[in-house]
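The block underneath contains the structure these notes are about, expressed in C-alpha cells.
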Amino acid sequence: MLDRRRLGRLFLIEAFVVVAVFGCWLVAQRAVAGRAPGPSLTALPIVVLALQWDQLTRGLRERTRARIGLRGSARAVHLGLTVTGVLAFLVSSFLVVARHEVPVPLIALGVLLTLAGGTWGWAVLRGPARGRAVVPAAQHLEMTVVGRVATGLFGLGLGLIAAAAPWLLAGGVYAALAVVATVISLAIAVVGRFSRAVAELGAVWSAPQWTAFGISGAIICGGLILAGFRPALGAVTGVVSAIAVLVVFAVAACWHGRGDG
C-alpha cells in the first residue's frame, strides 16, 4: 500500500518549512533594514534554501507518489488553503519591502492558512484509503558513491551561501569574497536544477541527510540574522557558518540511513 502516513508527514513538514522560511526572511529584513548592501541581496541565502527545498522535495514526492495521496475534494482543499496562505505571505512581503510595514494580521492569516493546509493533508492521509486501488509501496533507493559525492557538493554550495550574506554585511574584502562565493553556489544550484541532480538526491536521501539540511538551514538563517544585527561579527560569522555546514554535510554524506522516516 501507499505509505500514507509518511506522505502525510511530508505535507505537514512542508507547511512548517514555508512558515519558517518566511519568518527567517522577515527577521532578516528587519535586521538589515536601511543598511548596505540592502535587504534584497542579503536575503539571497533564504531564497536559495527555499529553491533547494523545492527541488529536494520534488524527488521525494515522485518517490512517494504524492499525486496519488490526495485526490478530489481533499486535494482541492489542501491546495486552496496552501495557495491562499502563500499569497498572503507574498502580499506581506511586498508591504514589508515597498512600504516598510509589518502587516501582522495578514502574516498571521498566512501562517494560519498554510499550517491548516498542511494539517489537513496530514489528517486526511492518516486515515485508511477507502475505495482506492492498492498502490505498491515505493522502495527507498540506496545511496551510491555518486550520491554521496553529490551530497557533499550540495553541502559545499550551502556552505558557500552560508558565508556569503554575513560577508556582504561585513564589507571590505569580505564583500568581494561574498560575490565569488555567491556565484559559485548559484552555479552549483543551477547545474543541480537543470540536471535534476537535486531532485534525485531528494529521492535517495535518508534521515541523516535530511537532518543535515535542516541543521544547515538553521545555521544559514541564524548566521544571516546575527550578522544583520551585528555587522562587525559578519566576517567571523560567515567563516563559522560555512565550516559548520561543511562539517554537517561531510558527516551526512558518509552516514548510512535506513530510510527517510
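Loop only by DSSP, 12 or fewer other Cβ within 10 Å of the Cβ. Give me the trypsin sites (Lys or Arg not before Pro) in the stretch 173-261 that pass, ordered by residue number.
Hits after loop and neighbour filter: ARG258.
With neighbours defined as other Cβ atoms within 10 Å of a residue's Cβ, the residues GLU200, GLU101 order from fewest to most as GLU101, GLU200. If we count every other residue with Cβ under 12 angstrom of THR82's Cβ, Lys/Arg +1 and Asp/Glu -1, where does the sum land? Neighbour charge sum, excluding THR82 itself: 0.
As a length-normalised measure over Cα pairs under 8 Å and 6 or more apart, the relative contact order of the stretch 210-254 settles at 48 percent.
Be a star and scan the stretch 142-181 for residues whose amide nitrogen sits under 19 Å from the point 7 Å along the Cα-to-Cβ vector of VAL47. Within reach of a label on VAL47: 157-170, 175-181. Considering only alpha-carbon pairs that sit under 8 angstrom and 6 or more positions apart, the relative contact order computed for the stretch 4-254 is 28 percent. For the stretch 4-254, the fraction of C-alpha pairs farther apart than 30 angstrom is 32 percent.
Here, each number is a calculation from the coordinates, and none is a lab measurement. None of these values were measured; they are calculated from a predicted model. Note: ideal-geometry Cβ built from the backbone for every residue, glycine included; neighbour counts use all protein chains shown.
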